[in-house]
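**Student:** Before I ask anything, let me first share the structure, which is written out below as structure tokens.
The values are calculated or read from the model by the stated rules, or taken from the named source; none is laboratory data. The structure presented is a predicted model; accordingly, all values stated were derived computationally and were not measured. Reconstructed Cβ throughout: ideal geometry from the backbone, glycine too, with neighbour counts over all protein chains shown. In case anyone asks, the SASA skips ligands and DNA or RNA and just uses the protein heavy atoms, side chains included. Shrake-Rupley method; radii C 1.70, N 1.55, O 1.52, S 1.80 Å.
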Amino acid sequence: MTRLDSLRPPALWDSSQEKYKDWLHLNVFDHETGAVGLINASLHGSPFDPRSRVLGTTVVNVPDRGWIGNVEVTGFDEATIGSSAIGLSRSGIAVDATKGAILASVRDSQDGFSATFSAEPVTAPIDIEEHLSLADGWISWYVVPRLRTSGNWTINGQEFDLANASVYHDHNWGRWHWGDDFGWEWGCFLTSGGTSFVLARTTDRAHRKLNRLSLFVQSGTERRNFSGASIDFSYMGELSCVSRRLPGALAALHQDRACPRLPAQLKLSAYDGIDEIDLTFTAREGLQLIAADPIALNGFTFIHEIVGEFSYRGEIGAAAISGSGLGIFEYVD
Amino acid sequence: MSTEARLTLGEYIAALVDALATDDPAGFTRMREIVDARAARIELDDEAVEVVFVVGQLHVGAKLGFPIEGYGSTNSATVLDLLDGNLEVNTAVLDGRLRLVGDADDVARMCIAIEILLNASARSPRLQSLAGRFRHERSGTAERSVYNLVWYPFACSDSELALLNRLDLLPGSGKL
């Protein structure tokens with residue numbers, strides 16, 4: 001996050017304020033254990049409406065142990081919201097806008113996951129202030145593909161140092177109601193050695209209308225951006241099932257979505273005549289987050305987080321590159 | 001919250017329906033129409049109450065004197081596991097941790113009434129607050145455990161499997 005980036009709450013006279021959404025998001029990839037963490041603090045609805053909610057999503061997927069953590073839901077009045085910080089009773093994310101450093105804390109002993117770490121950007125941010133169409137609304141985002149971290153997390157009582165972990169950060173904000181006719185596909189894939197891939201496109205809810213796909217590649221100091229027809233992106237196979245659905249009360253309401261169809265593998269080839277990347281992501285396990293709109297009746301969107309491993313090879317700046325790492329892919333409908 | 005007396009099952013039910021009536025009047029009306037004049041018995045741990053709408057007004061009590069047309073039974077640990085997403089409803093039912101008893105129509109109406117409450121909870125801070133209070137009051141006493149149900153608990157015939165396979169409804173049978 002740069003000095004200019006901060007949460008973007010609506011003004012009191014903003015006629016679209018009830019659609020307001022804003023969040024700070026982190027993914028932590030612990031290459032030593034294979035664990036992938038997701039820490040997200042989000043604002044849903046007008047800050048001036050008592051129905052609006054603040055969510056803290058703090059989960060980690062550990063190989064052979066599944067998803068650990070939970071979702072906390074609270075009101076705006078019960079949360080601590082700063083210009084670039086969101087704090088709930090069990091988790092918080094704060095951005096030091098002068099340095100771009102991010103501080104994260106999770107204190108969820110009841111659900112077996114706690115963490116305290118800071119992360120500093122290794123790469124320059126990607127700032128997309130443009131209002132990207134999302135059903136009747138829009139979304140904007142700010143991405144830091146890679147950060148280095150110091151700190152630790154504790155999973156079911158076992159503490160792990162995060163000194164060698166890789167971190168991804170983004171900040172999204174916009175105007176939409178959950179449950180509107182939209183979806184998106186997003187993924188980030190990070191090696192331990194310094195290469196990062198970020199993939200994203202918005203879609204309609206059925207994923208039949210696909211908007212322009214973008215792939216950002218960061219390899220050392222080299223950055224490339226592929227988009228549209230220069231990318232061939234496909235799904236293979238089917239993930240057997242999501243192994244956790246949160247929050248549980250909304251999962252109980254949507255039993256028909258207990259087994260969504262999700263890909264078991266992603267294949268991505270990007271070539272723009274100069275640079276080239278081939279990447280394969282293999283899913284390990286899925287999580288379904290059910291986003292309920294605090295304002296719109298029957299406004300529910302299903303956010304599927306799929307963690308796994310990836311490998312890649314290609315050529316960037318006339319240099320051959322290859323490697324493997326951990327990734328997360330998000331399928332939203 | 002911690003200084004308040006622990007709510008009883010009957011007080012929770014009354015508070016849930018009251019919050020629904022205030023925050024989602026349309027949902028409350030739908031609940032009254034779905035439930036109509038049917039009386040049900042609800043059991044949680046060692047508490048049990050009977051519930052019925054009389055002239056649109058909820059009555060909750062240990063013994064109301066109406067013929068019971070269905071009952072639901074569970075425990076606090078199951079409710080907490082459901083709220084935390086550690087347990088799915090179908091698993092809870094198949095595993096006997098959540099029992100709904102009655103004619104098919106009565107059971108379906110009980111499920112719809114629960115769905116109306118859950119649906120409203122996404123937009124009702126008061127319902128969310130009650131869920132938080134329940135977690136606070138019961139998490140210390142409820143015995144939690146992880147359940148992994150082995151499907152199917154009853155025999156599945158070859159013809160049923162063939163039908164499900166033909167309709168692409170078996171896990172792993174389809175292609176994206």
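**Student:** Only one residue in B:Asp95, B:Asp168 is modelled with pLDDT of 80 or more, more than 19 Å from B:Val17 (Cα to Cα) and away from chain A (no Cβ under 14 Å). Which one?
**Tutor:** On inspection, the qualifying residue turns out to be B:Asp95.
**Student:** Next up: Of B:Leu87, B:Leu80, which residue is at pLDDT below 95, within 14 Å of chain A (Cβ to nearest Cβ) and not in a loop (DSSP other than H, G, I, E, B)?
**Tutor:** Matching residue, one of B:Leu87, B:Leu80: B:Leu80.
**Student:** Does A:Asp278 satisfy the condition of being acidic (Asp, Glu), open to solvent by less than 20 Å² (accessible area, probe 1.4 Å) and more than 23 Å from A:Asp111 (Cβ to Cβ)?
**Tutor:** no
**Student:** I would also like to ask the following. Would you check which residues across segment A:215-229 are surrounded by fewer than 18 Cβ atoms within 10 Å (Cβ to Cβ) and either among the small types (Gly, Ala, Ser) or in a loop (DSSP other than H, G, I, E, B) (or both) and list them?
**Tutor:** Scanning segment A:215-229 gives A:Gly220, A:Thr221, A:Ser227, A:Gly228, A:Ala229.
**Student:** Now for a separate question. Just to be sure, is A:Leu287 touching a residue at least 60 places away in the same chain (Cβ under 8 Å) and within 14 Å of chain B (Cβ to nearest Cβ)? Please lay out each step first, then the result.
**Tutor:** Values: touching a residue at least 60 places away in the same chain (Cβ under 8 Å): yes; within 14 Å of chain B (Cβ to nearest Cβ): yes.
Considered against the rule, which asks whether it is touching a residue at least 60 places away in the same chain (Cβ under 8 Å) and within 14 Å of chain B (Cβ to nearest Cβ), A:Leu287 comes out as yes.
**Student:** One residue is enough: does segment A:183-198 have a residue meeting the conditions within 14 Å of another protein chain (Cβ to nearest Cβ) and not aromatic (Phe, Trp, Tyr)?
**Tutor:** yes
**Student:** It is to be established whether one or more residues within segment A:240-251 are open to solvent by 50 Å² or more (accessible area, probe 1.4 Å) and either aromatic (Phe, Trp, Tyr) or more than 14 Å from every other protein chain (Cβ to nearest Cβ) (or both).
**Tutor:** Here is the first cut: in segment A:240-251, the residues open to solvent by 50 Å² or more (accessible area, probe 1.4 Å) are A:240, A:243.
So of that shortlist, the ones also either aromatic (Phe, Trp, Tyr) or more than 14 Å from every other protein chain (Cβ to nearest Cβ) (or both) come out as none.
Scanning segment A:240-251 turns up no residue that is open to solvent by 50 Å² or more (accessible area, probe 1.4 Å) and either aromatic (Phe, Trp, Tyr) or more than 14 Å from every other protein chain (Cβ to nearest Cβ) (or both).
**Student:** Under the condition of being of a type in the set (Val, Ile, Thr) and open to solvent by 40 Å² or more (accessible area, probe 1.4 Å), which residue from segment B:98-121 is farthest from the other protein chains (Cβ to nearest Cβ)?
**Tutor:** Taking segment B:98-121 first, the residues of a type in the set (Val, Ile, Thr) are B:101, B:107, B:112, B:114, B:116.
Checking the rest, the ones that are also open to solvent by 40 Å² or more (accessible area, probe 1.4 Å) come to B:101, B:112, B:114.
On the way: B:Val101: 19, B:Ile112: 11, B:Ile114: 8 Å.
Within segment B:98-121, the match that is farthest from the other protein chains (Cβ to nearest Cβ) is B:Val101.
**Student:** Restricting attention to segment A:148-155, does a residue exist that is of a type in the set (Ser, Thr, Tyr), open to solvent by 20 Å² or more (accessible area, probe 1.4 Å), modelled with pLDDT of 95 or more and touching a Gly at 6+ places or on another chain (Cβ under 6 Å)?
**Tutor:** no
Conditions (1) within 14 Å of chain B (Cβ to nearest Cβ); (2) more than 15 Å from A:Val332 (Cα to Cα), marked per residue:
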residue: A:His207; (1), (2): yes, no
residue: A:Asn225; (1), (2): no, yes
residue: A:Ser230; (1), (2): no, yes
residue: A:Gly237; (1), (2): yes, yes
residue: A:Leu253; (1), (2): yes, yes
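**Student:** Examine segment A:254-263 for a residue that is at pLDDT 95 or above and in a helix (DSSP H, G or I), and state whether such a residue exists.
**Tutor:** Within segment A:254-263 (the criterion being at pLDDT 95 or above and in a helix (DSSP H, G or I)), the answer is no, since none of the residues qualifies.
**Student:** Condition first: without any contact (Cβ under 8 Å) to a residue 40 or more places away in the chain and buried (at least 18 other Cβ atoms within 10 Å of the Cβ). Now tell me which residues in segment B:56-81 satisfy that.
**Tutor:** Listed by number, the residues that qualify are B:Glu69, B:Tyr71, B:Gly72, B:Thr74, B:Thr78.
**Student:** When you check A:Ser89 against the structure, is it surrounded by fewer than 21 Cβ atoms within 10 Å (Cβ to Cβ), out of contact with any helix residue (DSSP H, G or I) (no Cβ under 8 Å at 6 or more places or on another chain) and either of a type outside the set (S, T, N, Q) or at pLDDT below 95 (or both), yes or no?
**Tutor:** no
Residues are listed down the side, and each one gets a yes or a no for (1) under 18 Å from the mean Cα position of the chain (by Cα); (2) outside any strand (DSSP E or B):
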residue	(1), (2)
A:Leu38	yes, no
A:Ile68	yes, no
A:Glu72	yes, no
A:Asp77	no, yes
A:Val95	yes, no
A:Ser118	yes, no
A:Glu130	no, no
A:Trp141	yes, no
A:Val144	yes, no
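**Student:** So which residues in segment A:264-298 are over 19 Å from the mean Cα position of the chain (by Cα), part of a loop (DSSP other than H, G, I, E, B) and of a type in the set (Gly, Ala, Ser), if there are any at all?
**Tutor:** Correct list: A:Gly273, A:Ala296.
**Student:** If you scan segment A:41-86, which residues turn out to be more than 17 Å from B:Ser121 (Cβ to Cβ) and buried (at least 23 other Cβ atoms within 10 Å of the Cβ)?
**Tutor:** A:Ala41, A:Leu43, A:Gly56, A:Thr57, A:Thr58, A:Val59, A:Val60, A:Asn61, A:Trp67, A:Gly69, A:Ile86
**Student:** Filter segment A:175-202 down to residues that are within 15 Å of A:Phe233 (Cβ to Cβ), open to solvent by 10 Å² or more (accessible area, probe 1.4 Å) and touching a residue at least 60 places away in the same chain (Cβ under 8 Å), then give me how many there are.
**Tutor:** Counting residues in segment A:175-202 that are within 15 Å of A:Phe233 (Cβ to Cβ), open to solvent by 10 Å² or more (accessible area, probe 1.4 Å) and touching a residue at least 60 places away in the same chain (Cβ under 8 Å) gives 3.
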